[in-house]
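Student: Dropping the structure in here first, questions after.
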Number of protein chains: 4
Amino acid sequence: MIESVKVAVVGVGNNTSALVQGIDLHRRTGSLTGVRHPEVAGLGVDAVEVVAAFATSPVRVGRDLHDAIFLPPNNVPRLGADLAPSGVLVQRGLVDSAEVERVAAALTGAEVLLYSAPSGRPDTARAYAEAALLAGVGFVNTTSDPLARDPALLGRFTEARLPLIGDDLASQFGTSVVHHALLRLLAERGLTLTSSYQVNLGGTEDFRNLAEHPDTKHRSKLNALGSERVHLAPLGYLPHLGSQKVAHVNIEAQGWGGTAVSLDLRLTVHDPSGAAGVNIDLVRMAAAALRAGRGGHLPEAESLLKSPPGTAV
Amino acid sequence: MIESVKVAVVGVGNNTSALVQGIDLHRRTGSLTGVRHPEVAGLGVDAVEVVAAFATSPVRVGRDLHDAIFLPPNNVPRLGADLAPSGVLVQRGLVDSAEVERVAAALTGAEVLLYSAPSGRPDTARAYAEAALLAGVGFVNTTSDPLARDPALLGRFTEARLPLIGDDLASQFGTSVVHHALLRLLAERGLTLTSSYQVNLGGTEDFRNLAEHPDTKHRSKLNALGSERVHLAPLGYLPHLGSQKVAHVNIEAQGWGGTAVSLDLRLTVHDPSGAAGVNIDLVRMAAAALRAGRGGHLPEAESLLKSPPGTAV
Amino acid sequence: MIESVKVAVVGVGNNTSALVQGIDLHRRTGSLTGVRHPEVAGLGVDAVEVVAAFATSPVRVGRDLHDAIFLPPNNVPRLGADLAPSGVLVQRGLVDSAEVERVAAALTGAEVLLYSAPSGRPDTARAYAEAALLAGVGFVNTTSDPLARDPALLGRFTEARLPLIGDDLASQFGTSVVHHALLRLLAERGLTLTSSYQVNLGGTEDFRNLAEHPDTKHRSKLNALGSERVHLAPLGYLPHLGSQKVAHVNIEAQGWGGTAVSLDLRLTVHDPSGAAGVNIDLVRMAAAALRAGRGGHLPEAESLLKSPPGTAV
Amino acid sequence: MIESVKVAVVGVGNNTSALVQGIDLHRRTGSLTGVRHPEVAGLGVDAVEVVAAFATSPVRVGRDLHDAIFLPPNNVPRLGADLAPSGVLVQRGLVDSAEVERVAAALTGAEVLLYSAPSGRPDTARAYAEAALLAGVGFVNTTSDPLARDPALLGRFTEARLPLIGDDLASQFGTSVVHHALLRLLAERGLTLTSSYQVNLGGTEDFRNLAEHPDTKHRSKLNALGSERVHLAPLGYLPHLGSQKVAHVNIEAQGWGGTAVSLDLRLTVHDPSGAAGVNIDLVRMAAAALRAGRGGHLPEAESLLKSPPGTAV
C-alpha cells in the first residue's frame, strides 16, 4: 500500500481552504471533476494528507484547520458538506528568521512544505525554505517571491536531494494560462501581434495584497506572457467578487494581407480553486521526487509555474 | 533559381481575391505581416503564380483575373494599391462531368489545382478532381465536400503520385482553430467541460451559401471540435459585415472542487484572409510534394484542415 | 378588502411555470426581488390567482397545475420550495373554432384570459379571443400573433368594454428592451448609427418553436428596434441552455469628427422569468381596466409590448 | 446674421484637438455625423470660433493653435485633411493666482472660457474662473474640480449674469452614460441590482493624469452612477490605446422569481471626441445664456454633466 503524502502548509488562506475542501470532497464522493491528474507517480488525490499548518493571524492559531479555513477574510464558500474536525491545530507561523529551528522541528513527519502565504514577503519565504532544508522536506513555493530562481538556494536543495518547486504557481486555468495559449496560437498560425492587454479583477485577500504591492507579481506575469506588446492593467480589488476572479483579455493582430483580427474574452474562475488544482499536483510531484531522491528543480513541474528557474526575477 | 509554383484556381470568389491581392502586396512591399511560413520547402510567397482561373458566373468569364476579383458579390476590399492586369483571363468553369477533358486540357502548365469554389457541390468538386488526375496536377480541396475523405479517390491520387490535400481548410485563425485550442487547453489543464457553444456571423457570398446549406459544413466543424458538449448555433448571414466574420464562443466548465469556470470570447477576422493565409501554404506544400513524387495525403497539411482523411463524412 | 384577480391561462409552458412559481414564492416569503410593480391599481402580486388553465398536450390535461408546470419539455427549474397542489386541473385547450363555446363556458368566474401559448398559431389565438368576448373577460395576448393589431377585433373588445392587451410581450429585461434602450441612447446623445446586430440563443420549447417558424416574431422584433440598420441573426435553439436565454448585441456608430464607437454586450436572462415579470403586470392592468369598464387598448400597457396596435403586422 | 460664438480655451490637449478638428471638418464637408445638436439656440456648429488658447507647456506656447494640437503627448489622429493655420497663437496659461488679471485682459473679445485643462488642479481652475468673472465671460468647467458645486462661486456668477456650467462633462457616449442608462433601465423594469463594476482603460495624457490622481474623478463618477452596489476598478493607463478608451462593464441582477440576470459589455470610444461632442454644445449654451443675460447654473446643461450643482464634492 502506498503511504500517504504528508504535507505541511504555510498560510491558512483561501488557497488552503480550497485545497483542503477539495480533497475532502474527493474522499467523500470520489468525484474527479476538475482534477487534472487522478494519479501523479501512483499517488491519488486522496493520498494527500495535511499534517501541519502555520498561520500568523492570532485568530487562526490554535484553531482546528477545518474551522480556521472559514474565518474571514477567507471567502471561499463551502464547496460541499460540513467538514469533520481535522485534528490538525494551526500553529504560529514564523515572523523572523530566529524561528527557523522551531518551525523545522514542527515539520517532523512531513515530506513537503507547501508555501502558500501571500506573495511579497521574500524574507519570510526564505526563512521557511531554510526550515525545510533543516528538516529535510521538499518545498513548494506558490508565491512570486524568488526562491527557485535563486541559483544558490536551488543549488542547496539539489545537493540535499530535496525538491524545490517554484516560483509562482500558474493557476490551473487562470488568465495567464489562457492568454499565453492564445498568443502562442496566434504566433503558430502566423499572425502578427499588434497589441494585447489583460485586466484582472478579484475579491480575495490575496488579490488585495497583490493589488497593493504589484511589483513582484507584475514581473512574474510578464515572464509568463513573454512579449513587450502585452500590457497589464492595474489589478482591481473588488471585494464583492468574493473568491471569484474576472479577467478581460484583448488581442489585436494582423493576418494575411494586413487585415485586422481582434479577440476579446472574459474569463471567470474561482481563483483559490485554480491554485488548489495545481497545488494538489505539485505536492505529489514533490513527494514522489523526495522518495526517489531527486532534489532541486523538477522539469515535470515547469508547465505549472509562472516563473521557473532561469526566468527574470 | 527555384521555379515558380504554377497554380490554377477554381472559383474567383473572395478567397481568391484575398490570395491574389496578398501575393501582390508581398511582391510590392516585401511585407511578411500575417504570413505563417515565409518559406515552404524553399518556396517563398512570391514564388506562387496564378496561371489559370475558372469561374461559372458569366460576368467573370473572359475578364482579367485582377478585375474579376473585385466584381460583386465579392466584397474583400482593396488591400493595397491598384493591381496591374494579370494577363490571366478567367475561363468558363465546368458545369457537368462531360467537360472534364476540356478543363484538364486547360490545366497544361499548372502544377496545382486550388479548388476554392463554394462548398456543397460534391459532383462538381469530384469532376475537377478527375480533371486534375487526367492532367497530372496536384489538388487542394478547400471545401467541405468529401474528396480526400473518399478512400477510393485518395487511393487513385496516391497511385498517380499526385498530392490530394483536403478536406475543408481550417482558417488561419478562425473560430474553429481558436475554439479547438481553448477546449484542448481546458482538457490539458484538467478542467471538466460542462457545455460550449459557437455562433458564427458573416457577410460573404460563401457565408450565405453555407448558411443556406449548412449540412456538410456543420459536420465538418464538429469534426474539428470533437466533443458532443459543443453546440453550434445556426450561421447568421449578415450582409453588412462584408468580408468580416464575427464569432461568439462560450465555454462553461468546472474546476477543482466543482467550482464554475466561464469563458466568453468574441473574435473578428477577415474570413477570406484567413483562407488565403492557409491556401498560400497548401499550394506550396502540394507543389513541393508533386516535385518530390509524393502523392495522396500529406501529413504536413493536416493541421491546416478541418476534415482530413479518416474523419467523419 | 380587494377581491383577487381571477386569471385563466392558455398554455401551461415555461412562462406559466415561472408565473405560478413566482406568485407562490412571493406569497410564502414576501420577497419583492425582481417585482416591477408591487401594486398595480392597488392590486398586489398576491392578489393574482390562477383559476383555470388550458393545454393541448394530453400529458398535461387532467393534471394539477402545480404538477403540470414541471412536465417536459418545460425546463424552468424549481425556483423555491415544493408547491402544494393548486386544486386547478388543466383543461383541454381548443383545437378548432367549433370549441369556442366550450372554452367560453369554462371561463366562468375568470376576469382575464392570459394567452400564453406558443406564437405562430393565429387561428387558435383568435378563437380564444372570441371565447373571451363571449365570456366577457379581458384578454392578454403575449404572442406575436396579430390580435390587438387587428383594428376590427380591437374595436369589438372596445365596444364590449373588455380590455385587449397585445401583441407580443416585451420581456421584463430581454434583448429587445436592452438593445432598444441603447439605440435610443445613441440617438439621444447624437451619435450616428453605422450598423447593429443581435443574436439570440435559447433552450426552451418556445424558443425552438420560434427558431423553426421565425417570421412573425422576426417582424415583431424589428418593430421593437425600429431601424433598418439593425440586423437579426437567426435564432439559435441550443437545448443545453435550458430556460436561460443568451443574447449577443453589437452596435457600431460614429461620434464627433467621425470617430468610431463600438459596443458589444452579452446578456443572459431567464426567459420565462422575463415573461412572467411582465405578465404579472398585464393581468393586473387588464383586471383593473375591466373593473373600471375600460375596453380595448390600454395605453399604460404599451411599454410592456413589442407590437402594440398601430405597428406593422 | 448670427454672430459667431467666440471661445477662449484653456488647455491645448486632446479634447481641444478633437474640438478644433471637428469644427473644421464640419465647415469643409457639412457633415453632421456625430453631431448631437445641429443648432443650439439658433447657433450652428460652424458658428463656434476659437479666438484664444492658453497652455502651460512651453512647446505649445507661441505656436499656431492648428500646429499645437498635434504636438505630443497629444495623440488624437488627424481626423480629416490638413488644417490651414488658425491665426490663433497659443498664450502662456496662468500658473498662480497673481496672473488672473493678465488672463482676464487676454479674454477681451471672447464670450466663453472653455476650461479644458487636466482635472486635479482646483486652484488653477478657480483662478481662471476669477479671470472669467473679471472679464465678464461665461465659464464652462469640463473638469471634475468643484467650481459649479461651490455655492459661493456659483452665486457670484449668477449675480454677474454670467453662466457657469459644470462640473465634469459627461462624455457624449462614454462609460458613465452607458452604465447609468443600463442601471436606470434595470430599475425601471423592476429588476433588483446585485452588483456591478466598471473598468476603464485609456491611453491619453488626461487618462494618465486621472489614473495617477484618481480621487476627484472617482467621486464624480460615483455621483453619476448613484448606487453603492456599483464598483469602480482602478483606471488602467495603457499608452498603446492612444486616444481610444475601452471600458468593460458588468451588471448582475435578479429578475422575477429571483432568477439571475447578467450583462457584460465592452465599449470602445474615442475619448477626446466624446468630450468635444459635448463641449460644442456647452459653449453654445453658455454663449446663448450670456446673450440672454442668464447667469449661474443652466438647467439645460445638466444632462451633459457628471457632477452638476448639488451633487457631492
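Student: Would you confirm whether any residue within region B:199-208 is within 30 Å of A:Leu304 (Cβ to Cβ), outside any strand (DSSP E or B) and open to solvent by 30 Å² or more (accessible area, probe 1.4 Å)?
Tutor: Within region B:199-208, none of the residues are within 30 Å of A:Leu304 (Cβ to Cβ), outside any strand (DSSP E or B) and open to solvent by 30 Å² or more (accessible area, probe 1.4 Å).
Student: Which condition number does D:Leu191 fail, the rest of (1) open to solvent by 10 Å² or more (accessible area, probe 1.4 Å); (2) at pLDDT below 95; (3) hydrophobic (A, V, I, L, M, F, W, C) being met?
Tutor: (2)
Student: For region D:237-261, give me each residue that is farther than 16 Å from A:Ala233 by Cβ, within 7 Å of another protein chain (Cβ to nearest Cβ), buried (at least 22 other Cβ atoms within 10 Å of the Cβ) and not aromatic (Phe, Trp, Tyr).
Tutor: D:Gly255, D:Gly257, D:Thr259, D:Val261
Student: Mind checking whether some residue in region A:77-97 is of a type in the set (Ser, Thr, Tyr) and touching a residue at least 60 places away in the same chain (Cβ under 8 Å)?
Tutor: The answer is yes, given that some residue of region A:77-97 is of a type in the set (Ser, Thr, Tyr) and touching a residue at least 60 places away in the same chain (Cβ under 8 Å).
Student: Could you list, in sequence order, the residues of region D:95-116 that are among the hydrophobic types (A, V, I, L, M, F, W, C) and either touching a Lys or Arg at 6+ places or on another chain (Cβ under 9 Å) or at pLDDT below 95 (or both)?
Tutor: D:Val95, D:Ala98, D:Ala110, D:Val112
Student: Let me ask something additional. Between a residue in region A:194-207 that is without any contact (Cβ under 8 Å) to a residue 60 or more places away in the chain and over 15 Å from A:Leu182 (Cβ atoms) and any residue that is part of a helix (DSSP H, G or I) and open to solvent by less than 10 Å² (accessible area, probe 1.4 Å), which pairs come within a Cβ distance under 7 Å, given they are 6 or more apart or on different chains?
Tutor: A:Asn200/A:Thr175
Student: Please find, within region B:1-55, the residue that is surrounded by the fewest Cβ atoms within 10 Å (Cβ to Cβ) out of those that are on the phi > 0 side of the Ramachandran plot and within 19 Å of the chain's Cα centre (by Cα).
Tutor: B:Gly11
Student: Return the pairs, sorted by first residue and then second, in which the second residue is hydrophobic (A, V, I, L, M, F, W, C) and part of a strand (DSSP E or B), the first residue lies in region A:103-129 and is open to solvent by 20 Å² or more (accessible area, probe 1.4 Å), the beta carbons are less than 7 Å apart, and the residues are 6+ apart or on different chains.
Tutor: Short answer, once both residue conditions are applied: A:Ala106/A:Ala52; A:Gly109/A:Val51; A:Glu111/A:Val5.
Student: Separate question: Can you tell me which residue among D:Leu133, D:Leu162 is more than 14 Å from every other protein chain (Cβ to nearest Cβ), of a type in the set (A, V, I, L, M) and crowded, with 23+ Cβ neighbours inside 10 Å?
Tutor: Of D:Leu133, D:Leu162, the one residue that is more than 14 Å from every other protein chain (Cβ to nearest Cβ), of a type in the set (A, V, I, L, M) and crowded, with 23+ Cβ neighbours inside 10 Å is D:Leu162.
Student: Now a separate question. D:Ser176 is checked against (1) under 22 Å from D:Ser243 (Cα atoms); (2) in contact (Cβ under 8 Å) with a residue 60 or more places away in the chain; (3) buried (at least 24 other Cβ atoms within 10 Å of the Cβ) and fails just one. What number does that condition carry?
Tutor: (3)
Student: So, one more: With (1) within 14 Å of another protein chain (Cβ to nearest Cβ); (2) touching a residue at least 24 places away in the same chain (Cβ under 8 Å); (3) surrounded by 22 or more Cβ atoms within 10 Å (Cβ to Cβ) as the list, and D:Ser303 as the residue in question, which single condition is left unmet?
Tutor: (3)
Student: Further question on the same structure: When you look at D:Ala84, is it crowded, with 20+ Cβ neighbours inside 10 Å and more than 14 Å from chain C (Cβ to nearest Cβ), yes or no?
Tutor: no
Student: Which condition does A:Gly310 not pass, out of (1) open to solvent by 20 Å² or more (accessible area, probe 1.4 Å); (2) touching a strand residue (DSSP E or B) at 6+ places or on another chain (Cβ under 8 Å); (3) at positive phi, if it passes all the others?
Tutor: Unmet for A:Gly310, out of (1) open to solvent by 20 Å² or more (accessible area, probe 1.4 Å); (2) touching a strand residue (DSSP E or B) at 6+ places or on another chain (Cβ under 8 Å); (3) at positive phi: (2).
Student: Just to check your reading of the model, which residue among B:Leu94, B:Leu133, B:Leu65, B:Leu107 is assigned by TED's automatic domain parsing to the domain that holds B:Ile165 and either hydroxyl-bearing (Ser, Thr, Tyr) or closer than 22 Å to A:Gly257 by Cα (or both)?
Tutor: Every option except B:Leu65 fails the conditions.
Student: Hey, among B:Val51, B:Val61, which residue is β-branched (Val, Ile, Thr) and in a loop (DSSP other than H, G, I, E, B)?
Tutor: Among B:Val51, B:Val61, only B:Val61 is β-branched (Val, Ile, Thr) and in a loop (DSSP other than H, G, I, E, B).
Student: Here's something else I'd like to know. Need the failing condition index for B:Ile69 against (1) free of Cβ contacts under 8 Å to residues at least 60 places away in the same chain; (2) more than 20 Å from the chain's Cα centre (by Cα), just the number.
Tutor: (2)
Student: What pairs come up if the first residue lies in region D:262-290 and is more than 7 Å from chain C (Cβ to nearest Cβ), the second is open to solvent by less than 20 Å² (accessible area, probe 1.4 Å) and among the charged types (D, E, K, R), and their beta carbons are under 9 Å apart, counting only those six or more places apart or on different chains?
Tutor: Listed by first residue and then by second, the contacts come to D:Val278/C:Arg189.
Student: Further question: Given the condition farther than 22 Å from B:Gly22 by Cβ, in the same structural domain as B:Asp145 (by TED's automatic domain parsing) and over 17 Å from the mean Cα position of the chain (by Cα), answer yes or no: does some residue in region B:269-289 qualify?
Tutor: Yes: region B:269-289 contains one or more residues that are farther than 22 Å from B:Gly22 by Cβ, in the same structural domain as B:Asp145 (by TED's automatic domain parsing) and over 17 Å from the mean Cα position of the chain (by Cα).
Student: Could you tell me whether A:Ala152 is within 18 Å of the chain's Cα centre (by Cα) and free of Cβ contacts under 8 Å to residues at least 24 places away in the same chain?
Tutor: No: the conditions fail for A:Ala152.
Student: Please indicate, with yes or no, whether at least one residue in region B:253-261 is modelled with pLDDT of 95 or more, outside the structural domain of B:Thr33 (by TED's automatic domain parsing), of a type in the set (Phe, Trp, Tyr) and within 27 Å of B:Leu114 (Cβ to Cβ).
Tutor: For region B:253-261, residues modelled with pLDDT of 95 or more, outside the structural domain of B:Thr33 (by TED's automatic domain parsing), of a type in the set (Phe, Trp, Tyr) and within 27 Å of B:Leu114 (Cβ to Cβ): absent.
Student: Right, here's the next one. I'm trying to understand the selection: among the residues of region A:170-193, which are facing chain B (nearest Cβ under 7 Å) and in contact with a Ser or Thr (Cβ under 7 Å, 6 or more places away or on another chain)?
Tutor: A:Val177, A:Thr192
The values are calculated or read from the model by the stated rules, or taken from the named source; none is laboratory data. These figures come from a predicted structure and were not determined experimentally. Reconstructed Cβ throughout: ideal geometry from the backbone, glycine too, with neighbour counts over all protein chains shown. Ligands, DNA and RNA are excluded from the accessible area calculation, which covers all protein heavy atoms including side chains. Shrake-Rupley method; radii C 1.70, N 1.55, O 1.52, S 1.80 Å.
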